[in-house]
Amino acid sequence: MELHKLESLVKRYDDGGTTLEEEKLLKKYFHSEKVPEHLKEYEVIFSFSEEEKNICHPGKFKLKSDKKWYAIIGVAASILIAFGIFTFQENQQQNFPQNELGTIETPEEAYFKAKETLQMVAQIMNNSKEELVYLDEFNKTKNQIIKIK
Amino acid sequence: MNQKTFIGVVNPVKDKMYRLALRLLISKDSAEDATQEVLLKLWSRKDKIKDYANIEAFAMTVTKNYCLDQLKSKQNNNLKIVHTNYESQDRSAFDQLETNDRLKQISLILETLPEQQKLIFQLRDIEEYEYEEISKVMDMNETAIRVSLSRARKKIRIELLKKDSYGIT
């Protein structure tokens, strides 16, 4: 390409007046031939355009987003867990009164039952209290060292 | 339209969308995310896609709008990515004359251009679109596009010359 032709082409390129074919011609020219000193920067610009064209999208794209599914699964799981806890608690509340309470019907029976239970507790308490005799031994030794009386 | 035909239609455009997103968003990760999002959007509207005469132009328009939205929301969150710390790089002596560095300089200059000029430069000089296609994507008339493109081209060259003269002195 002659210099004056090149220069007018470059001028038109700057003004946005070149067609795609002319621009391709320019790219080819600056890519292959020796470029005059005063047009050096066009060489960089055009090789930049060529280089940039080679950038590719890395990897594959997914059409269905996984995130959506994760969200749905998460919500479903939390509902299940909440539901499970509620029913479990409700069952427990129902089991307790049914099996453990309400078997005694008359007040007299209740009175004797209560008395019996308290007696039993008292007996156990007394038994345990007897065991405390050993503590006296400790007191004896203590009294030998520290004389309070 | 099933998945296979959709991928077939979209595949040739995918890279262009990615490059456009990369030009605007700069970060590779955000550009990848943007492409992915836009493709999902297109996929969800696949039934309407037949109505759009030019799928490529439509895909590019959606990508452009999505990226501009992203930039806007980033600005609102005060998370704007500013790459102004490049000045110090080109002080180093002769390395900068390497072509690779020069190419980097151009992308840095491009970053300073307004979004509209970035987009038009990308579409015309890199993707080699006809003005008619660009006017569809940008929703502008051809004259305005030529003016904007001319500004972008001149700006790039002038900035490049400036950097050169700084390098020499």
Helix A:107-131 vs. chain A, principal-axis angle (Cα, 0 to 90°, nearest 10): 90 degrees
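When the solvent-accessible surface of protein heavy atoms is calculated with a 1.4 angstrom probe, in what order do B:Arg45, B:Arg102 fall, highest first?
The ordering from most to least exposed comes out as B:Arg45, B:Arg102.
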List B:Leu71, B:Leu20, ordered by accessible area with a 1.4 Å probe, largest first: B:Leu71, B:Leu20
Candidates A:Gly17, A:Gly74, A:Gly59, ranked by Gaussian network fluctuation over chain A, Cα under 10 Å, top entry: A:Gly17
Accessible area that becomes buried as B packs against A, both chains, 1.4 Å probe, Å², nearest 100: 3300 Å²
Counting all C-alpha pairs of chain A, share separated by more than 25 Å (%): 74 percent
Neighbouring partner chain Cβ atoms per residue of A:15-23, average, 10 Å criterion: 4
Of A:Lys24/B:Lys74; A:Lys68/B:Lys4; A:Lys60/B:Lys162; A:Lys68/B:Lys118; A:Lys27/B:Lys64; B:Lys41/B:Lys154, those spanning more than 32 Å from alpha-carbon to alpha-carbon: A:Lys24/B:Lys74; A:Lys60/B:Lys162; A:Lys68/B:Lys118; B:Lys41/B:Lys154
Expected 222 nm ellipticity per residue - DSSP helices of 4 or more, -39500 (n - 2.57), all of chain A, to 500: -25000 deg cm²/dmol
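Which net charge results when you count Lys and Arg as +1 and Asp and Glu as -1 among the other residues whose beta-carbon is under 15 Å from that of A:Val35?
Here the count lands on -1.
Which whole-number value in Å³ per residue fits the convex hull of the alpha carbons of segment A:3-52?
Spelled out: Cα convex hull of segment A:3-52, divided by residues, is 74 Å³.
Calculate, for segment B:1-81, the solvent-accessible area per residue in square angstrom, rolling a 1.4 angstrom probe over the heavy atoms of the protein chains.
Solvent-accessible surface per residue comes out at 53 Å².
Using a 1.4 Å probe on the protein heavy atoms, what percent of the accessible area of segment A:3-52 belongs to carbon and sulfur?
55 percent
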Part-to-part distance (alpha-carbon centres) for segment B:126-156 and segment B:1-55, which is given in Å: 21 Å
Exposed GluC sites (Glu not before Pro) absent - longest run of chain A, DSSP non-H/G/I/E/B, at most 14 other C-beta within 10 Å: A:34-104
Residue-averaged beta-carbon neighbours from other chains (10 angstrom radius) around B:145-153: 3
Inter-chain shielding of A:39-51 (mean C-beta neighbours from other protein chains, 10 Å cut-off): 6
Neighbour cut-off at most 16 other Cβ (10 Å), DSSP loop, chymotrypsin sites (Phe, Trp or Tyr not before Pro), segment B:1-72: B:Tyr52
Pair A:Thr106, A:Asn143: separation of 7 Å Cα→Cβ label points (nm): 5.4 nm
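The values are calculated or read from the model by the stated rules, or taken from the named source; none is laboratory data. In this text the structure is predicted, and so the values were computed from the model without any measurement. Cβ sites come from the backbone with ideal geometry, for glycine too, and all protein chains shown count toward neighbours. These accessible areas exclude ligands, DNA and RNA; they are computed on the full protein's heavy atoms, side chains included. Shrake-Rupley method; radii C 1.70, N 1.55, O 1.52, S 1.80 Å.
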